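First up is the structure itself, then whatever we jot down about it.
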Amino acid sequence: MRPEQVTAPTRPTMSAIIPTKNRPGLLANVVSCLLAQTVPVDELIVVDQSDSDHGRALVEELLASAPPERRPPLTYLRDRAIDGAAAARNVGLDLATMDIVICIDDDMVPEPDVLERLHEHYRGHPEVAAITPVITNYTPPPFPERLFGAIFCRGPFRDDRQRVYWNWRRYRGTRLAPVGMLGGGMLSARREALGGIHFDRRYRGASVGEDIDLSWALRARGARLAIATDARVVHNRAPRPATRYEETLLTSWGFVFDKHQPKTLGNRLAFRWFVIGVMLGAVYASLRSGTLAPLRSLRVGLRRLRRNYAGSSFLASR
């Protein structure tokens, strides 16, 4: 091959999928952040569950004011019947056509070079199937919660994302930190690696745990996951509906454990140890608060486990 025939490898193309509901200001902000990226997004998909079409007008105005070379094709679908962010992301995944799909919530604020960093990592690490940026404004929780995680979250329940979020500055020399699960706030993956994998269709409303569900589905295919510590985002976490902490812990983790993990003796013991930890945590929280609310939440969560999660606020019945 003559030297003039040698061409640089083309960059992977990217689809950005934004689920949103009744938060047009946040939607406009995240679209502005995407349009300001040092590497432009190639396809923009908004799945809107809002009561009004105000968000569409804001997005179209932002695109109209952007330079033509930074103006991605827009697919804007508004459907109030779509129930929750997981379902909205699934709609976007079905519509996406680019090499890399990025599901980004409307309350995420990516730094201007996030897409550029993701491009670099996907080009340089073909073995990695999915990457999330590092969330820089997650601070370590109170000591009792950290102690709970260190003692009771073993085996598949060990959440190795947290050590990266809390200590991301220490990973500057290791720009990709391998992890066993990804966060859902801004999750990117090779469309080919997904191969039809979606978020579980039982998730609805303000669901919890769908990021772990997708991560474990990918890992079951041998996929490698990572957090890019040089791609930084801020999560301006919007208020969520009130939830009962113990019920949410048991329901979200119990569901993904039942669905994905082999029921080996070690895994069963890890699950029982996790449940014991939640029970002890509920007792501690009840004593500290002087109320029975944590114990009631625990009772509801245990009932969900026994009844295939029937009655859960974020898991539909089979």
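The values are calculated or read from the model by the stated rules, or taken from the named source; none is laboratory data. Here the structure is a predicted model, which is why all the values come from computation and not from measurement. Using ideal geometry, Cβ is built from the backbone for each residue, glycine included, and neighbour counts are taken over all protein chains shown.
Looking only at the range 261-279, how many residues end up being loosely packed, with under 14 Cβ neighbours inside 10 Å and among the hydrophobic types (A, V, I, L, M, F, W, C)? Final tally of qualifying residues: 3.
Summed over the range 14-38, residues that are assigned to a loop (DSSP other than H, G, I, E, B) and surrounded by 17 or more Cβ atoms within 10 Å (Cβ to Cβ) total 3. None of Val30, Val46 is under 20 Å from Val109 (Cβ atoms), touching a Phe, Trp or Tyr at 6+ places or on another chain (Cβ under 7 Å), modelled with pLDDT of 95 or more and assigned by TED's automatic domain parsing to the domain that holds Phe199 except Val46. In the range 119-164, of all residues being aromatic (Phe, Trp, Tyr) and in contact (Cβ under 8 Å) with a residue 60 or more places away in the chain, the one that is nearest to Thr264 (Cα to Cα) corresponds to Phe157. Within the range 171-193, residues that are under 19 Å from Asn137 (Cα atoms) sit with their Cβ atoms under 6 Å from residues that are assigned to a strand (DSSP E or B) and of a type in the set (Asp, Glu), at 6+ positions apart or across chains, in these pairs: Arg175/Asp230.
Residue by residue, here is whether (1) within 13 Å of the chain's Cα centre (by Cα); (2) of a type in the set (Val, Ile, Thr) holds:
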residue	(1), (2)
Thr174	no, yes
Gly183	yes, no
Arg190	no, no
Arg201	no, no
Asp230	no, no
Ser252	no, no
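Given the structure, is Glu69 farther than 26 Å from Gly196 by Cβ, exposed (fewer than 15 other Cβ atoms within 10 Å of the Cβ) and out of contact with any helix residue (DSSP H, G or I) (no Cβ under 9 Å at 6 or more places or on another chain)? So Glu69 fits the description; yes. Scanning the range 256-287 for residues that are among the polar types (S, T, N, Q) and closer than 21 Å to Asp211 by Cβ yields Gln261, Asn267. Within the range 129-157, track down each residue that is closer than 19 Å to Ile212 by Cα and within 17 Å of the chain's Cα centre (by Cα). Ala129, Ala130, Ile131, Thr132, Pro133, Val134, Ile135, Tyr138, Phe157, listed by residue number. Has the range 84-107 got any residue that is under 19 Å from Gly185 (Cα atoms), modelled with pLDDT under 95 and part of a loop (DSSP other than H, G, I, E, B)? Within the range 84-107 (the criterion being under 19 Å from Gly185 (Cα atoms), modelled with pLDDT under 95 and part of a loop (DSSP other than H, G, I, E, B)), the answer is yes, since at least one residue qualifies. Taking residues in the range 62-86 that are under 15 Å from Ala36 (Cα atoms), and partners anywhere that are surrounded by 17 or more Cβ atoms within 10 Å (Cβ to Cβ) and among the acidic types (Asp, Glu), the pairs with Cβ atoms closer than 8 Å and at least 6 places apart or on different chains are Pro72/Asp42; Pro72/Glu43. All told, Ser50 meets the bar of being more than 18 Å from the chain's Cα centre (by Cα) and not in a helix (DSSP H, G or I).
Name the one entry in Val278, Val234 that is among the β-branched types (Val, Ile, Thr), farther than 30 Å from Ile102 by Cβ and in contact (Cβ under 8 Å) with a residue 24 or more places away in the chain.
Val278
For the range 281-292, which positions are surrounded by 15 or more Cβ atoms within 10 Å (Cβ to Cβ) and touching a residue at least 24 places away in the same chain (Cβ under 8 Å)? Result: Gly281, Ala282, Ala285. Restricting to the range 53-66, give me the number of residues that are surrounded by 13 or more Cβ atoms within 10 Å (Cβ to Cβ) and in a loop (DSSP other than H, G, I, E, B). The qualifying residues number 1.
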